[in-house]
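Inspection log for the structure reproduced underneath, given as structure tokens.
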Amino acid sequence: MKSDTTSKPFPTSPEEIAAATAGAPTNVRDPECGYDPNDPAAVEAFWKDAAVRRPGQRGPGRKAKKVLLSVRYSPEVVNYFKSTGEGWQTRMDEVLKRWVAARQSH
């Protein structure tokens with residue numbers, strides 16, 4: 001049996017936001033915080049460029065770190081890298097990156 005939700009719904013109306021803000025502590029001490037949460041100017045500077053998302057709302061997509069490509073290699077090359085075990089494609093990528101870096105340094 002699924003238990004009831006323990007979290008409160010996200011405030012959406014101005015009245016709900018005001019009530020949630022009124023119940024918040026006035027002086028916060030958080031040593032892991034990247035800014036002083038008691039300094040309004042520091043809070044404003046930290047959150048200036050923040051994008052607010054509601055629970056369940058997706059954020060912007062990330063740029064792909066790699067390019068999907070169809071390439072043909074000789075069987076000897078593929079068999080060699082496959083014989084090195086799991087992660088062979090990553091190792092093949094690392095070898096190619098070193099080769100490119102060596103060529104760019106000349």
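Values as computed for the structure displayed
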{"read-out": "Candidate residues ASP49, ASP39: accessible-area rank, largest first, probe 1.4 Å", "value": "ASP49, ASP39"}
{"read-out": "Of ARG72, ARG91, ARG62, the one that fluctuates the most in a GNM where the chain has Cα springs shorter than 10 Å", "value": "ARG91"}
{"read-out": "Region 25-39 - phi-based ³J(HN,Hα) in whole Hz, Karplus 6.51/-1.76/1.60, Gly and Pro as x", "value": "x, 8, 10, 10, 10, 9, x, 8, 6, x, 8, 7, x, 8, 9"}
{"read-out": "Per-pair calculated FRET efficiency, R0 = 22 Å: LYS97 and LEU68 via Cβ, rounded to 0.05", "value": "0.85"}
{"read-out": "FRET efficiency, SER83 to ARG58 (Cβ-Cβ, R0 41 Å, nearest 0.05)", "value": "0.50"}
{"read-out": "Portion, in percent, of the accessible area of the chain that falls on carbon or sulfur, probe 1.4 Å", "value": "55"}
{"read-out": "With all protein chains modelled, accessible area of PHE46 [1.4 Å, Å²]", "value": "110"}
{"read-out": "Residue of LYS48, LYS82, LYS65 that the Gaussian network model of the chain assigns the largest fluctuation, springs spanning Cα pairs under 10 Å", "value": "LYS82"}
{"read-out": "Heavy-atom surface of the chain, accessible at 1.4 Å and reported per residue (Å²)", "value": "100"}
{"read-out": "GluC sites (Glu not before Pro) restricted to the chain and DSSP loop, no more than 10 other C-beta within 10 Å", "value": "GLU32, GLU86"}
{"read-out": "Within a Gaussian network of the chain (alpha carbon springs, distance under 10 Å), most fluctuating of GLY56, GLY87, GLY34", "value": "GLY87"}
{"read-out": "Computed lengthening from GLN104 to ALA41, 0.36 nm per intervening residue step minus Cα-Cα distance", "value": "18.1 nm"}
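The values are calculated or read from the model by the stated rules, or taken from the named source; none is laboratory data. The structure displayed is predicted, hence computed values, not measured ones. Because the Cβ atoms are built from the backbone with ideal geometry, glycine has one as well, and the counts that use them run over all protein chains shown. Heavy atoms of the whole protein, side chains included, go into the accessibility calculation; ligands, DNA and RNA do not. Shrake-Rupley method; radii C 1.70, N 1.55, O 1.52, S 1.80 Å.
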